[in-house]
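The values are calculated or read from the model by the stated rules, or taken from the named source; none is laboratory data. Note that the coordinates shown come from a computational prediction; the quantities given were computed from them, not determined experimentally. Glycine gets a Cβ as well: all are built from the backbone with ideal geometry, and neighbour counts include every protein chain shown. With ligands, DNA and RNA removed, areas are computed over all heavy atoms of the protein, side chains included. Shrake-Rupley method; radii C 1.70, N 1.55, O 1.52, S 1.80 Å.
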Amino acid sequence: MSGILNATLSGLNTDSYCEMGPYRDQHFMGNCDLQEKALKNSCTLYVGNLSFYTTEEQIYELFCKCGDVKRIVMGLDKVKKTPCGFCFVEYYTRAEAEHAMRFISETRLDDRVIETDWDVGFKEGRQYGRGRTGGQVQDEYRTDYDVGRGGFGKIVQQQKKAQQTGIY
């Protein structure tokens with residue numbers, strides 16, 4: 001009986017919503033151990049799968065329900081300087097960020113299921129998409145039509161335009 005109770009109690013000490021997800025900044029300056037340590041102490045969340053039409057005000061309205069938001073940094077297309085489907089939300093405390101991970105991850109905003117993950121903290125320049133065309137890499141090659149993310153992927157759009165004009 002005590003084995004079952006101990007297993008149940010130890011399960012209460014873990015929170016799968018607050019564990020480290022797969023997202024990692026590929027340009028992090030430091031080794032994997034340093035990045036893991038920074039992630040475990042971070043108060044900053046990476047928020048992905050946003051609609052290109054979601055506003056900073058909408059993000060603030062949702063995320064402030066979990067704590068005091070210190071700042072929001074919208075992800076931008078590095079060429080057009082328009083939103084490109086992600087942002088960073090920074091809280092004052094780790095506990096507030098954990099509440100957001102627990103209660104907001106995988107909820108709907110602008111008809112999209114948003115994803116949250118831990119981030120090491122915003123540094124200038126990280127707000128820009130890293131794709132070849134200025135947006136996010138994942139959006140460049142998307143072959144499905146997604147109205148909330150600008151239609152087809154940018155490279156697919158360029159290929160269709162080239163086919164229509166006869167320029168290859």
Across the range 54-73, what is the number of residues that are in contact with a helix residue (DSSP H, G or I) (Cβ under 7 Å, 6 or more places away or on another chain) and in a loop (DSSP other than H, G, I, E, B)?
-> 2
Output the residues belonging to the range 41-77 that are more than 19 Å from F103 (Cβ to Cβ) and under 17 Å from the mean Cα position of the chain (by Cα).
-> S51, F52, Y53, T55, E56, E57, R71, V73, M74, G75, L76, D77
Yes or no: F122 of a type in the set (A, V, I, L, M, F, W, C), assigned to a loop (DSSP other than H, G, I, E, B) and at pLDDT below 95?
-> yes
Which one is modelled with the lowest pLDDT, of the residues in the range 29-60 that are surrounded by 15 or more Cβ atoms within 10 Å (Cβ to Cβ) and hydrophobic (A, V, I, L, M, F, W, C)?
-> A38
Which of (1) assigned to a loop (DSSP other than H, G, I, E, B); (2) without any contact (Cβ under 8 Å) to a residue 12 or more places away in the chain; (3) closer than 18 Å to Y46 by Cβ does K81 not meet, given it meets every other one?
-> (3)
Count of the range 89-121 residues which are within 9 Å of L45 (Cα to Cα), open to solvent by 10 Å² or more (accessible area, probe 1.4 Å) and hydrophobic (A, V, I, L, M, F, W, C) = 1
